[in-house]
2 protein chains.
Amino acid sequence: MNFTIQNVLIATVDDYATVDVQVVDGAIASIAPSLEVIGTAINGENKLLLPGFFNAHTHSSEIWQRGIIPPLPLELWLAQLYDFAPLDTEKVYLSALGTAVETLLSGGTSVVDHLILIPGKELETIATAVRAYKEVGIRAFVSPLIQDESLSAGIPSGETEQNHEPFFRSTQATLELIEEAVRQFHRPDEGVSLLVAPTGIQLCSDALFQGCIELSNKYNLCRHSHLLETKAQEKLAQQKYGCTAVEHLKRIGYLGDRTSLAHCIHLRDTDITILAETQSTVVHNPLSNLRLGSGIAPILKYRQAGVNVTFGCDGASSNDSQDLLEAIKIGSILHNVTDLDYQHWITPRQAVEMASSGGAKGLNMVDQLGSLTVGKKADFVLYDLTSLSLLPRTDPIGLLTLGRPTNAVESVWVNGRQIVANGKVTTIDVDDLRQQLFQHSHWDTKRKSETVAQLEAHYRTVMSL
Amino acid sequence: MNFTIQNVLIATVDDYATVDVQVVDGAIASIAPSLEVIGTAINGENKLLLPGFFNAHTHSSEIWQRGIIPPLPLELWLAQLYDFAPLDTEKVYLSALGTAVETLLSGGTSVVDHLILIPGKELETIATAVRAYKEVGIRAFVSPLIQDESLSAGIPSGETEQNHEPFFRSTQATLELIEEAVRQFHRPDEGVSLLVAPTGIQLCSDALFQGCIELSNKYNLCRHSHLLETKAQEKLAQQKYGCTAVEHLKRIGYLGDRTSLAHCIHLRDTDITILAETQSTVVHNPLSNLRLGSGIAPILKYRQAGVNVTFGCDGASSNDSQDLLEAIKIGSILHNVTDLDYQHWITPRQAVEMASSGGAKGLNMVDQLGSLTVGKKADFVLYDLTSLSLLPRTDPIGLLTLGRPTNAVESVWVNGRQIVANGKVTTIDVDDLRQQLFQHSHWDTKRKSETVAQLEAHYRTVMSL
């Protein structure tokens, strides 16, 4: 499907230009004014074309619990999340569709799904999410969430003796499962990549990290993990390793230019230097970090140290949306209160670059994705600049990233294939999806988490609450 | 126009109920299951009815500059804002319409417009905004923004000698203008109230505050002001009064249960006690406070001290939207990072109460507005719970305030009059508004503010940057 977008606004270094964009065989063939029309002509007048953004960290099946988990910090929130996690793959399918749709309609063309696996149906869970993403046509980076320690081990023991039940699946079995998933589903050329993705130092042994490194090297896979999301994890790392989590991950060789790390809130300056040296990527999830009270990640420090930063929505139970433009806005302006000097604040154009090429870098695909560049894949988004939320006309990128765009995404292409047109997803029936989500759920205000009840007293003691 | 909404979900103390709601002569006549239909029957199935929220602090004409002012702190941002402020009332009219529409479509039924007056056309500016709000049908609290000192006086002098030009209009003339506006436009029964609204201690003399108090007493007007939005204002208050701004406002008698104060970021604990004792209301503008790097208002402390708090969007150049649900979400979760104890965090239901009855309290109308109560005015909003952004079904209020509702407002009534139906404003032509906003503006990335250039060096010195 070749096409030419005519008279569309694009961002230049520090201004805008009106150009035509030719796409041939899924890649950008030419960008210049008044080009010959190749394939279908598309009217770009009063529209802005930007590279697709990356929803660089989420957990799709959390959609099933959005809006319902009360205000709790991560450790207790997680206990409630797992008590009510969906256990059938039909739900995994629907929430992956929902995550893809909301990401697309907020400017994203790629999603990194740190996918929660249904115990006993792990490969099926992965297959289901892959199927959903292929149906929608979004570029997917499926990152099966693995651990080999049980949930209670993620809370520091403090002065107390804590015994944790062994995790139900062995480290070896988990690694074999991931390798099998890679063999079956890792098809970067078809728009689906698998990542190794241990959940984080709080619930994973070194053996699991090491196994993931080996798989990553063997199959050329990117690496993903949570990192230092909470104060509790910071304490736990000291207790577990006698050093910071970043120092430990560096020592075991997990960091690098194919490694993206979600959250990164409680890092020391020396840790930041390590992230810069190893060229690791920070995925900033501002909404989740506020919602769970995890803290404000030192994003301005990362940028000053040369660490690559991009944005994620995080799972929809801790956000509780999958709106990437919301994450970009809050993830930009939030840091203005952390540094009085406004010359360090993130500008709208910097935010767009973080969300696009920053995402591509963290997934080792910056040669193919993340900017409107001849030769790169045609993953991009056309915004309707006549949407009420983007009026009156001022600076289009400022309106998009500082405003609250509503119904502003007009069209989306991934790999040159149009999957949103006139603001509607064309590849699946979204009204049917709404009906399915409705039918598979019920209004609920009275549920109680048994695990939270079990963990809460200990948590409050350890955190001195 | 009498009507009965049937089978609609409403919030009870800690749950939901499905009821019918009868409205007679603009007021709620009955709320119970299976009521007789009076007037038009409206299907409330799979919809949530909530009291209308208050956009309790904004500046409508800032819409003309949304998205364009670069990352700057308040004092410099303000200089740029004023350099490019619209000077014709046609623009005032269009931006008031835009503010009303965006407020309505995000759950608001009332707007407090701290209205920037065009010099020399002050009464005309007020008349124009009043006309726009009446046309849309939103409940309006028009608060003409007044000052009697020139802009540069708002920056602390530090060690330097600063001479400020006198403000172009005398204090007396300003007060006469406000009194004339009150005589002409203050019609609470018709949905338009005027407030006295000196911009704040940074640009107003005591004589201006005193004159406003007198007008407030004479005409039973509510009082509004900015308060301690920035560190610079905190410094300035000490320089100007030798005490905090709150202590000074208490001393001159400006505080009270009809007084609402926007921002309230840099307050001491003793100031908080004063706000509680005087029953003053804090209007929390979280997006603006982040965008301008003003700081995080100590909202959890206010709540613990018993201070009434509600939400505002603030003007659209410092936000840069007028989406009240966004302000409610961020204004709730932002504070989870300020207090480790999650038992103090704002719950979704508390957020709704702050946005509705909290707003009514601050405007001295809690006997008439702010909750679904028999006898109160029918200012309420019907949300479509089958919107993709509110699915799957979990806790409706959690989804609404923690999620990112899109196209979720189905209907809005103000004073019993329906002004939004099927997600569309029915009282004005929004497509025409879009065209007008488009035609009265142009893409702009190159503009420079002369006043910022003049003030910046001094600002950086005083703020030790």
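Would you please list the contacts, defined by Cβ atoms under 8 Å and residues six or more apart or on different chains, that run from a residue in the stretch A:21-37 that is at positive phi and in a strand (DSSP E or B) to a residue that is of a type in the set (S, T, N, Q) and surrounded by 16 or more Cβ atoms within 10 Å (Cβ to Cβ)?
none
Please verify whether the stretch B:191-205 includes one or more residues that are surrounded by fewer than 21 Cβ atoms within 10 Å (Cβ to Cβ), in contact (Cβ under 8 Å) with a residue 12 or more places away in the chain, in a helix (DSSP H, G or I) and in the same structural domain as residue B:248 (by TED's automatic domain parsing).
Checked against the condition, which is being surrounded by fewer than 21 Cβ atoms within 10 Å (Cβ to Cβ), in contact (Cβ under 8 Å) with a residue 12 or more places away in the chain, in a helix (DSSP H, G or I) and in the same structural domain as residue B:248 (by TED's automatic domain parsing), the stretch B:191-205 yields no hits at all.
Going residue by residue through the stretch A:236-259, is there one that turns out to be crowded, with 24+ Cβ neighbours inside 10 Å, over 18 Å from residue A:117 (Cβ atoms) and not aliphatic (A, V, I, L, M)?
Scanning the stretch A:236-259, I find at least one residue that is crowded, with 24+ Cβ neighbours inside 10 Å, over 18 Å from residue A:117 (Cβ atoms) and not aliphatic (A, V, I, L, M), so the answer is yes.
Kindly indicate whether any position in the stretch A:409-416 is over 21 Å from the mean Cα position of the chain (by Cα) and of a type outside the set (Ser, Thr, Tyr).
yes
Of all residues in the stretch A:135-163, count the ones that are aliphatic (A, V, I, L, M) and farther than 30 Å from residue A:378 by Cα. Give the derivation first.
Going through the stretch A:135-163, the residues aliphatic (A, V, I, L, M) turn out to be A:136, A:138, A:140, A:142, A:145-146, A:151, A:153, A:155.
Within this subset, residues satisfying the condition of being farther than 30 Å from residue A:378 by Cα are A:146, A:151, A:153, A:155.
Of the residues in the stretch A:135-163, 4 are aliphatic (A, V, I, L, M) and farther than 30 Å from residue A:378 by Cα.
Restricting to the stretch B:116-130, give me the number of residues that are of a type in the set (Lys, Arg) and within 15 Å of the chain's Cα centre (by Cα).
Taking the stretch B:116-130 first, the residues of a type in the set (Lys, Arg) are B:121.
From what's left, within 15 Å of the chain's Cα centre (by Cα): none.
Residues that pass the stated criteria total 0.
Going through A:401, A:338 one at a time, which residue ends up being in contact with a Lys or Arg (Cβ under 8 Å, 6 or more places away or on another chain), touching a residue at least 24 places away in the same chain (Cβ under 8 Å) and β-branched (Val, Ile, Thr)? So that I can check it myself, show each step before the final result.
Details: A:338 fails: in contact with a Lys or Arg (Cβ under 8 Å, 6 or more places away or on another chain).
Checking each option against the conditions leaves just A:401.
Tell me, please, whether a residue that is facing chain A (nearest Cβ under 10 Å), surrounded by fewer than 24 Cβ atoms within 10 Å (Cβ to Cβ) and closer than 15 Å to residue B:132 by Cα can be found in the stretch B:74-94.
Checked against the condition, which is being facing chain A (nearest Cβ under 10 Å), surrounded by fewer than 24 Cβ atoms within 10 Å (Cβ to Cβ) and closer than 15 Å to residue B:132 by Cα, the stretch B:74-94 yields at least one hit.
Only one of B:157, B:143 is touching a residue at least 60 places away in the same chain (Cβ under 8 Å) and part of a loop (DSSP other than H, G, I, E, B); which?
B:157
Kindly provide the set of residues from the stretch B:62-115 that are under 19 Å from the mean Cα position of the chain (by Cα) and of a type in the set (Lys, Arg), ordered by number.
Listed by number, the list holds a single entry, B:66.
Sort out which residues of the stretch A:206-256 are touching a residue at least 60 places away in the same chain (Cβ under 8 Å) and farther than 18 Å from residue A:362 by Cα, and write them in order of number.
A:208, A:229, A:230, A:231, A:232, A:233, A:235, A:236, A:239
For the stretch B:338-351, which residues satisfy the criterion of being surrounded by 22 or more Cβ atoms within 10 Å (Cβ to Cβ) and either more than 9 Å from chain A (Cβ to nearest Cβ) or assigned to a helix (DSSP H, G or I) (or both)?
B:348, B:351
Only one of B:166, B:144 is buried (at least 23 other Cβ atoms within 10 Å of the Cβ) and not β-branched (Val, Ile, Thr); which?
On the way: B:166 fails: buried (at least 23 other Cβ atoms within 10 Å of the Cβ).
Within the list B:166, B:144, the selection yields B:144.
Could you please let me know if residue A:235 is over 20 Å from residue A:315 (Cβ atoms), touching a Pro at 6+ places or on another chain (Cβ under 6 Å) and of a type in the set (Lys, Arg)?
Values: over 20 Å from residue A:315 (Cβ atoms): yes; touching a Pro at 6+ places or on another chain (Cβ under 6 Å): yes; of a type in the set (Lys, Arg): yes.
Judged against the criteria, residue A:235 is a match.
What number of residues within the stretch A:299-314 are within 14 Å of chain B (Cβ to nearest Cβ) and touching a Cys at 6+ places or on another chain (Cβ under 8 Å)?
Residues meeting the conditions: 0.
Does residue B:409 satisfy the criteria of being more than 17 Å from residue B:96 (Cβ to Cβ), of a type in the set (A, V, I, L, M) and in contact (Cβ under 8 Å) with a residue 40 or more places away in the chain?
Numbers: more than 17 Å from residue B:96 (Cβ to Cβ): yes; of a type in the set (A, V, I, L, M): yes; in contact (Cβ under 8 Å) with a residue 40 or more places away in the chain: yes.
Here the answer is yes, as residue B:409 does meet what is asked.
Which one of A:290, A:221 is in the same structural domain as residue A:65 (by TED's automatic domain parsing), over 20 Å from residue A:147 (Cβ atoms) and buried (at least 21 other Cβ atoms within 10 Å of the Cβ)? It would help to see each step written out before you state the result.
Values: A:221 fails: over 20 Å from residue A:147 (Cβ atoms).
Step by step, each of A:290, A:221 is checked, and only A:290 is in the same structural domain as residue A:65 (by TED's automatic domain parsing), over 20 Å from residue A:147 (Cβ atoms) and buried (at least 21 other Cβ atoms within 10 Å of the Cβ).
Any chance you could count how many residues in the stretch B:164-184 are touching a Ser or Thr at 6+ places or on another chain (Cβ under 9 Å) and either in a loop (DSSP other than H, G, I, E, B) or of a type in the set (Phe, Trp, Tyr) (or both)?
4
Looking at B:371, B:387, can you tell me which residue is in contact with a helix residue (DSSP H, G or I) (Cβ under 6 Å, 6 or more places away or on another chain) and surrounded by fewer than 21 Cβ atoms within 10 Å (Cβ to Cβ)? Even if it seems obvious, please write down each step before you answer.
On the way: B:387 fails: in contact with a helix residue (DSSP H, G or I) (Cβ under 6 Å, 6 or more places away or on another chain).
Result of the check over B:371, B:387: B:371.
Answer yes or no: is there a residue in the stretch B:315-337 that is β-branched (Val, Ile, Thr), more than 10 Å from chain A (Cβ to nearest Cβ) and in a loop (DSSP other than H, G, I, E, B).
Keep residues of the stretch B:315-337 that are β-branched (Val, Ile, Thr), which gives B:328, B:330, B:333, B:337.
Adding the requirement that they be more than 10 Å from chain A (Cβ to nearest Cβ) leaves B:328.
Right, trim to in a loop (DSSP other than H, G, I, E, B) and you get none.
Scanning the stretch B:315-337, I find no residue that is β-branched (Val, Ile, Thr), more than 10 Å from chain A (Cβ to nearest Cβ) and in a loop (DSSP other than H, G, I, E, B), so the answer is no.
So how many residues does the stretch B:47-90 have that are hydrophobic (A, V, I, L, M, F, W, C), assigned to a strand (DSSP E or B) and touching an Asp or Glu at 6+ places or on another chain (Cβ under 9 Å)? Outline the logic, then answer.
Residues of the stretch B:47-90 that are hydrophobic (A, V, I, L, M, F, W, C), as a first pass: B:48-50, B:53-54, B:56, B:63-64, B:68-69, B:72, B:74, B:76-79, B:81, B:84-85, B:87.
This time we only want the ones that are assigned to a strand (DSSP E or B), so: B:48-50, B:53-54, B:56.
Narrowing further to those that are touching an Asp or Glu at 6+ places or on another chain (Cβ under 9 Å): B:48.
Count: 1.
In this structure, is residue A:390 within 30 Å of residue B:297 (Cα to Cα), at pLDDT below 95 and either more than 8 Å from chain B (Cβ to nearest Cβ) or over 23 Å from the mean Cα position of the chain (by Cα) (or both)? First the steps, then the outcome.
Working: within 30 Å of residue B:297 (Cα to Cα): yes; at pLDDT below 95: no; either more than 8 Å from chain B (Cβ to nearest Cβ) or over 23 Å from the mean Cα position of the chain (by Cα) (or both): yes.
So residue A:390 does not fit the description; no.
Restricting attention to the stretch A:95-123, report how many residues are closer than 22 Å to residue A:196 by Cβ and in a loop (DSSP other than H, G, I, E, B).
5
Just need a number here: residues in the stretch A:447-465 that are surrounded by 16 or more Cβ atoms within 10 Å (Cβ to Cβ), outside any loop (DSSP other than H, G, I, E, B) and either of a type in the set (S, T, N, Q) or facing chain B (nearest Cβ under 8 Å) (or both).
In the first step, residues of the stretch A:447-465 are kept if they are surrounded by 16 or more Cβ atoms within 10 Å (Cβ to Cβ); the result is A:449, A:451-452, A:455-456, A:458-459, A:462-463.
Now drop any that are not outside any loop (DSSP other than H, G, I, E, B), which leaves A:451-452, A:455-456, A:458-459, A:462.
Still in the list and also either of a type in the set (S, T, N, Q) or facing chain B (nearest Cβ under 8 Å) (or both): A:451.
Residues meeting the conditions: 1.
Kindly indicate whether any position in the stretch A:7-19 is buried (at least 20 other Cβ atoms within 10 Å of the Cβ), away from chain B (no Cβ under 14 Å) and closer than 27 Å to residue A:400 by Cβ.
Taking every residue of the stretch A:7-19 in turn, at least one turns out to be buried (at least 20 other Cβ atoms within 10 Å of the Cβ), away from chain B (no Cβ under 14 Å) and closer than 27 Å to residue A:400 by Cβ.
Looking at the stretch A:292-308, I want the residues that are at positive phi and have a partner that is among the aliphatic types (A, V, I, L, M) and not in a helix (DSSP H, G or I) with Cβ atoms under 8 Å, at least 6 apart or on another chain. Which pairs are those?
A:293/B:340; A:295/A:265
So which residues in the stretch B:104-135 are of a type outside the set (Lys, Arg) and farther than 21 Å from residue B:317 by Cβ? Talk me through it step by step, then tell me what you get.
Pass one, the stretch B:104-135, residues of a type outside the set (Lys, Arg): B:104-120, B:122-130, B:132-133, B:135.
Within the stretch B:104-135, B:107, B:109, B:110, B:120, B:123, B:124, B:127, B:130, B:135 meet the criteria.
The values are calculated or read from the model by the stated rules, or taken from the named source; none is laboratory data. This one's a predicted model, so the numbers in the text were calculated from it and none came from an experiment. Virtual Cβ from ideal backbone geometry, glycine too; neighbours counted across all protein chains shown.
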